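> Have a look at the structure that comes next, please.
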Amino acid sequence: MSNWVKSGIPIQLHSQCVIASFQLDLQKDLLKLFQQELLDEIVKHNHIKGIIFDLSGLDIIDLMDFEHLRSIINMIKLTGYDTVISGLRPTVVSSLIMMDADIDNLLSAISLDEAVVILDTKK
Amino acid sequence: MEVISRTATQLCDLYEITKEDIEAVHEFKPVAIDKIPEMVDSWYSWLKTTAEFQEYFADPSTLHRVQKLQLSFWEEFFDANINDQYVSSRKSVGEVHARIGLSQEIYLAGVDHFLSLFIEILLAQDWDNAKINKTRRALNKIAHLDMTIIVQSYEHVVNQKITAQSKTLMAMSTPVTQLWDGLLLLPVVGLIDSRRAQDIMDNTLNHISQHHAQSFILDISGVAVVDTAVANHLIKITKATKLMGCECIISGLSPAVAQTIVELGIDVGTIRTTANLKAAIGIAFQKLNMKIVKQ
């Protein structure tokens, strides 16, 4: 049964970076599914530079979901890869700051191009 | 800014204007209406002595038009047909006053002037005391009703003006400029309070996403006081830009500011700070893999 349920968040490989594009509103169950899918995907590959979370499709991110994203990033770190967040919208950023979200030690980029460059320099 | 706008009937209730009051005014109307042109003249001869006269009524044609308007104003007043149309006509009077910048003082003095003239006429009638008192009371009520509507709409227009102005001021106070491709500069001048900090942040983030900026210089050499609150605002702004994927450099830290920050025990973390704009630009160009070369 669980094999049929998918998070619906596309995970692609581009310039040896695993790119996950979020387009749906984040939810706890969805993130859990995504987390499983992403980690499975990562361990399949041998030669990747890192992971990029493309959040440009999200209009709003609440604190819980942001924490969950952070924990996914920490999990990825344990598999030995860095994660770059790209394309956060100004309104999302300002609401996260207003909610006092913990944003230290995150890599972020303004665009996918920039995110690839960051991962390139990290390796 | 919302105006509390009551309907005509609610206003009548507020001032306890009854049918009898309106009847009393109606009865007084034929007596008063003949004298109104005369009263308007006397009012304007008084107005001539004020400083405002030259400013607003120097043009004879304007004066003539305004006098005509005033006549119809008082006619409406004596018709005392207080419905929504009446209210909106009074509202527009207030709006016009506000738009041309005619002070409330002059308007209120005018109402008072006319009222006292009406009372004079009223006392000259050989009516009995009770009737005179009743009419007097009725005139007062309607005049006050007028004043309420006019003053309220005047205030509304003035408030709107102020809101528009403060918006412009806000836009002017955060002039984010593009120094180079991917490099933005925001010089901050004056005081930073939480409202302004929020404004700076919103504006900056929008510009960063518009220009795809990778570096952002916040020049605080024009900021008068940096205390714990201001420092925290600045730290928040840098964190926000970082989350957008844009490195923030704070430039223009004077020796005094550097001392206070350390003395207050503020942890600036990993924020890049420089003493002057030149050093900040140097760092930013380094990040952009660029170099300024002498020809």
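All of the numbers you see were taken from the coordinates with simple rules; none came from a lab. Every value quoted in this text rests on a predicted model; they were computed, and no experiment measured them. Note: ideal-geometry Cβ built from the backbone for every residue, glycine included; neighbour counts use all protein chains shown.
> Run lengths n ≥ 4 of DSSP H only: what is the helix-derived mean residue ellipticity at 222 nm for chain B, with -39500 (n - 2.57) per run over all residues, to the nearest 500?
-23000 deg cm²/dmol, from helical runs alone.
> Where nothing but the Cβ of Lys and Arg (+1) and of Asp and Glu (-1) is charged, how large is the charge dipole of chain B around its Cα centre, in debye to the nearest 20?
Roughly 1760 debye for chain B.
> Take the alpha-carbon centre of the range B:41-86, take the same for the range A:1-80, and report the distance between them in whole Å.
Between the Cα centre of the range B:41-86 and that of the range A:1-80, the gap is 73 Å.
> Over chain B, with a Gaussian network built from C-alpha contacts below 10 Å, which listed residue (B:Gln259, B:Gln165, B:Gln70) shows the highest mean-square fluctuation?
Comparing B:Gln259, B:Gln165, B:Gln70 in the GNM, the peak value goes to B:Gln259.
> Now, a different point. Based on other C-beta atoms within 10 Å, arrange B:Thr50, A:Thr83, B:Thr148, B:Thr177 from fewest to most.
B:Thr177, B:Thr50, B:Thr148, A:Thr83
> Put +1 on the Cβ of every Lys and Arg and -1 on every Asp and Glu Cβ in chain B; which of B:Met39, B:Asn129, B:Val226 then has its Cα farthest towards the positive end of the dipole?
Positive-end residue among those listed: B:Val226.
> For chain A, what's the relative contact order in percent, using C-alpha pairs closer than 8 Å and at least 6 residues apart?
25
> Once the other residues with Cβ under 13 Å from the Cβ of B:Leu288 are scored (Lys, Arg +1; Asp, Glu -1), what is the net sum?
My count for the surroundings of B:Leu288 gives -1.
> What shape does the range A:55-118 have by the C-alpha gyration tensor, where a ≥ b ≥ c are the square roots of the eigenvalues, rounded means a/c under 1.5, and otherwise prolate means a/b greater than b/c and oblate the rest?
Note, shape of the range A:55-118 comes out oblate.
> Follow-up. How many percent of all Cα-Cα pairs in the protein assembly as shown sit more than 42 Å apart?
47
> Test of understanding: ordering B:Met147, B:Met172, A:Met75 by Cβ neighbours within 10 Å, fewest first, what list do you get?
B:Met172, A:Met75, B:Met147
> Place a +1 charge on the Cβ of each Lys and Arg in the range B:8-171 and a -1 charge on the Cβ of each Asp and Glu, then give the dipole magnitude about the Cα centre in debye, rounded to the nearest 20.
Magnitude of the dipole: close to 480 debye.
> Moving to a separate point now. Greater than 21 Å separation of Cα atoms is the criterion. Which listed pairs, B:Lys19/B:Lys141; B:Lys239/B:Lys278; B:Lys161/B:Lys236; A:Lys49/B:Lys291; B:Lys19/B:Lys131; B:Lys242/B:Lys287, meet it?
B:Lys239/B:Lys278; B:Lys161/B:Lys236; A:Lys49/B:Lys291
> Only Cα pairs within less than 10 Å get springs; with that Gaussian network setup on chain B, which residue of B:Trp43, B:Trp74, B:Trp127 has the largest fluctuation?
The residue that fluctuates most here is B:Trp127.
> Calculate the tail of P(r) for the range B:8-171: the fraction of all Cα-Cα distances greater than 18 Å, expressed in %.
Result: 63 percent of Cα pairs exceed 18 Å.
> I would also like to ask the following. Under the rule of at least 5 residues apart or a separate chain, name every residue whose amide H is placed under 5 Å from the amide H of B:Val223.
When sequence neighbours closer than 5 places are left aside, the close amide H contacts are B:Gly190.
> Mind checking the mean number of beta-carbon atoms from other chains within 10 Å of the Cβ atoms in A:93-99?
Counting Cβ atoms of other protein chains within 10 Å of each residue's Cβ and averaging gives 6.
> Tilt of helix B:194-211 relative to the longest C-alpha principal axis of chain B, in degrees (0 to 90, nearest 10)?
Approximately 60 degrees, to the nearest 10.
> So, one more: Based on other C-beta atoms within 10 Å, arrange B:Thr274, A:Thr91, B:Thr238, B:Thr168 from fewest to most.
B:Thr168, A:Thr91, B:Thr274, B:Thr238
> Considering Cα pairs under 8 angstrom that are at least six residues apart, work out the relative contact order of the range B:8-171 and quote it in whole percent.
40
> Taking N as the number of residues in the range B:177-287, what is its alpha-carbon radius of gyration divided by 2.2 N^0.38 Å?
The value comes to 0.98.
> Output the Kirkwood hydrodynamic radius of chain B, Cα pairs only, in Å rounded to one decimal.
24.4
> When the helices in chain A are scored as -39500 (n - 2.57) per DSSP H run of 4 or longer and the sum is shared across all residues, what 222 nm value do you end up with, to the nearest 500 deg cm²/dmol?
When only DSSP H runs of four or more count, the value is -13500 deg cm²/dmol.
> Could you give the length gained by full extension between B:Thr270 and B:Asp112, i.e. 0.36 nm per residue of separation minus their alpha carbon distance, to one decimal place?
Contour length minus the Cα-Cα distance gives 50.1 nm.
> In addition: Any idea what the relative contact order of the range B:177-287 is, in percent, if you count C-alpha pairs under 8 Å spaced at least 6 apart?
The value is 28 percent.
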